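Q: Attaching a single structure in structure tokens format; questions to follow.
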Amino acid sequence: MNKFGIRDLINAGVFSLLIVMTTWCGGMIGFIPVLMPLVPFACGLVSGPVFMLYSTKIDKFGMVLIMGIVFGLTFSMSGHGTIVFPGIVALSLICEMILKKGGYKSIKTARLTYTVFMMFAAVNLIPIYFARDAYLQSLIDRNYGAEYAEKLLSVMPNWSFIPIVLLGMLGGYIGCTIGIKILNKHFKKAGMA
């Protein structure tokens, strides 16, 4: 197995931040509470193409794990709860195994990897579904207002947890598919086409 070099760490850091930023851009629709169920879908849709570009740089175990650590730290420090960090890191390890199984040169495996990674939405949503009262209070304490918090929870009934997570995975899949179409020449150059 190849060792990590400076270029690998730079790629992992830069692309991790770009993917987090595009994920956050997709998440901005959540400021409109009735659109909150679509946040995971939008996140996957806009960040999938960036991950597919990143996948052309991944050729060793650990690069998705670094992305997961950046995701986990970002989301846990931004109020999504302490369960987020270990959950996303564990999910990243699963994704590392999927990507490794494809030999780091398979577009389909890269797309599957990110589709599975989009299950991180489940970890982010745990407080909404399993600690509703505390989550409601945390939104109010962070100055979102009672009206926003109650509207958000009204469009996120308990039964919607699994459909919303699956919708996020679908967003990741479609986003990666768009990325494949846009980045076809990069995949050929990386020997992935």
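The values are calculated or read from the model by the stated rules, or taken from the named source; none is laboratory data. In this text the structure is predicted, and so the values were computed from the model without any measurement. Because the Cβ atoms are built from the backbone with ideal geometry, glycine has one as well, and the counts that use them run over all protein chains shown. Protein only, heavy atoms only, side chains kept; ligands, DNA and RNA dropped before computing areas. Shrake-Rupley method; radii C 1.70, N 1.55, O 1.52, S 1.80 Å.
Q: Projecting each Cα onto the charge dipole of the range 1-151 (Lys/Arg +1, Asp/Glu -1 at the beta carbon, about the Cα centre), which of Asn2, Pro49, Cys95 comes out farthest on the positive side?
A: It is Asn2, whose Cα lies furthest towards the positive end.
Q: Here's something else I'd like to know. For the range 47-171, what is the convex hull (Cα atoms) projected area averaged across all directions, in square nanometres?
A: 7.7 nm²
Q: Using a 1.4 angstrom probe on heavy atoms only, work out the carbon and sulfur share of the accessible area of the range 57-144 in %.
A: 67 percent
Q: Taking Lys185 as the anchor, which lysines have their alpha carbon closer than 21 Å to its alpha carbon, excluding any fewer than eight residues away along the same chain?
A: Once the sequence-local lysines are set aside, what remains near Lys185 is Lys57, Lys105, Lys108.
Q: Order the following by accessible area, largest value first: Asp59, Asp141, Asp133. Probe radius 1.4 Å; ligands, DNA and RNA are ignored.
A: Asp133, Asp141, Asp59
Q: Now, a different point. Dipole of the range 1-131, Cα-centred, from +1 at each Lys and Arg C-beta and -1 at each Asp and Glu C-beta, to the nearest 20 debye?
A: Roughly 440 debye, rounded to the nearest 20.
Q: Are there any trypsin sites (Lys or Arg not before Pro) in the range 1-87 that are in a DSSP loop and have at most 12 other Cβ atoms within 10 Å? List them by number.
A: Values: sites: Lys3, Arg7, Lys57, Lys60; in loops: Lys3, Lys57, Lys60.
The qualifying sites are Lys3.
Q: Shifting gears a bit: Which one, Val155, Gly175, Gly145, is farthest towards the positive end of the dipole of the range 99-178 when Lys and Arg carry +1 and Asp and Glu -1 on their Cβ?
A: Of the options given, the answer is Gly175.
Q: Further, regarding this structure: List the trypsin sites (Lys or Arg not before Pro) within the range 73-154 that DSSP assigns to loop and that have no more than 15 neighbouring Cβ atoms inside 10 Å.
A: Passing sites in the range 73-154 are Arg142.
Q: In degrees, nearest 10, range 0 to 90: what is the angle between the Cα axis of helix 39-55 and the longest Cα principal axis of the chain?
A: 20 degrees
Q: What is the gain in length, in nm to one decimal, between Ile174 and Leu73 on full extension, counting 0.36 nm per residue of separation less the C-alpha to C-alpha distance?
A: So the chain would gain 33.8 nm between Ile174 and Leu73.
Q: Give the separation of the Cα centroids, the range 108-169 to the range 20-38, in Å.
A: Their Cα centres are 11 Å away from one another.
Q: Give me the one-decimal Kirkwood hydrodynamic radius in Å for the range 1-92, with the sum taken over alpha-carbon pairs.
A: Averaging 1/r across every pair of different Cα atoms and inverting gives 13.8 Å.
Q: So what is the accessible area of the range 64-193 per residue, in Å², with the probe set to 1.4 Å?
A: Here the residues of the range 64-193 average 50 Å² of exposed surface.
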